[in-house]
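Here is the structure we will look at.
The values are calculated or read from the model by the stated rules, or taken from the named source; none is laboratory data. What you see is a predicted model, and the numbers here were worked out from it, not measured in a lab. Here Cβ is always computed from backbone atoms with ideal geometry, including for glycine, and neighbour counts include all displayed protein chains.
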Amino acid sequence: MRRNEASGRYVVNLDSGDGRKLVCSWDECDRPGTTLHQHYECVHDATASCEAADNRLIRMIAQTAHRTHVFCCDDHRNYFVNAYGRNAQESIARTGRAYGNLPVGIRGGRFR
C-alpha cells in the first residue's frame, strides 16, 4: 500500500444497505476506492449551467448531469481520465490506442 493511500477514507455505498465499499472505477481493478483519488465529471453541454443541466436531467431520467468516480490510486485515476474525450484522441494519435495510457508527462502517478 502506498503511503498516501493509508490516509484516505474508503468510499461507502450508503444505498446498498450493508455499507459496502465502492470499488475502483478502473475496470481492471477490484480494490476499494478512496476519497483521495476521486474524479468529478460534468456530462452535460458546456453551454448550460451545472444547475440547469442537473434539474433537466433529474426530471427526464432521475439522474444528475455529474458523476463522481473513485479510484484506489493516482495511476488508475490518470488512466481513466486519459481514456476518454480529447485526451483519448491525443493518446490515439501518439500511441495508436486510447486505453491504458498515462497522460503525457506523467509516469507512475507523478509529473516528470
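The single condition from (1) surrounded by 11 or more Cβ atoms within 10 Å (Cβ to Cβ); (2) over 21 Å from ALA83 (Cα atoms); (3) modelled with pLDDT of 80 or more that ARG59 fails is (1).
If I filter region 88-109 for residues that are in contact with a strand residue (DSSP E or B) (Cβ under 7 Å, 6 or more places away or on another chain), assigned to a loop (DSSP other than H, G, I, E, B) and surrounded by fewer than 12 Cβ atoms within 10 Å (Cβ to Cβ), do I get at least one hit? Checked against the condition, which is being in contact with a strand residue (DSSP E or B) (Cβ under 7 Å, 6 or more places away or on another chain), assigned to a loop (DSSP other than H, G, I, E, B) and surrounded by fewer than 12 Cβ atoms within 10 Å (Cβ to Cβ), region 88-109 yields at least one hit.
Scan region 30-38 and tell me whether some residue there is closer than 27 Å to TYR99 by Cα, among the β-branched types (Val, Ile, Thr), at pLDDT 80 or above and not in a loop (DSSP other than H, G, I, E, B). Yes, because at least one residue in region 30-38 is closer than 27 Å to TYR99 by Cα, among the β-branched types (Val, Ile, Thr), at pLDDT 80 or above and not in a loop (DSSP other than H, G, I, E, B).
Residues that are loosely packed, with under 14 Cβ neighbours inside 10 Å and either of a type in the set (D, E, K, R) or assigned to a helix (DSSP H, G or I) (or both) within region 62-81 comprise just one, ARG67. Across region 35-49, the qualifying residues are those that are within 18 Å of the chain's Cα centre (by Cα) and farther than 20 Å from ASN82 by Cβ, and the one among them that is surrounded by the fewest Cβ atoms within 10 Å (Cβ to Cβ) is THR35.
The set of residues from region 46-78 being farther than 23 Å from SER91 by Cα and among the acidic types (Asp, Glu) comprises GLU51, ASP54.
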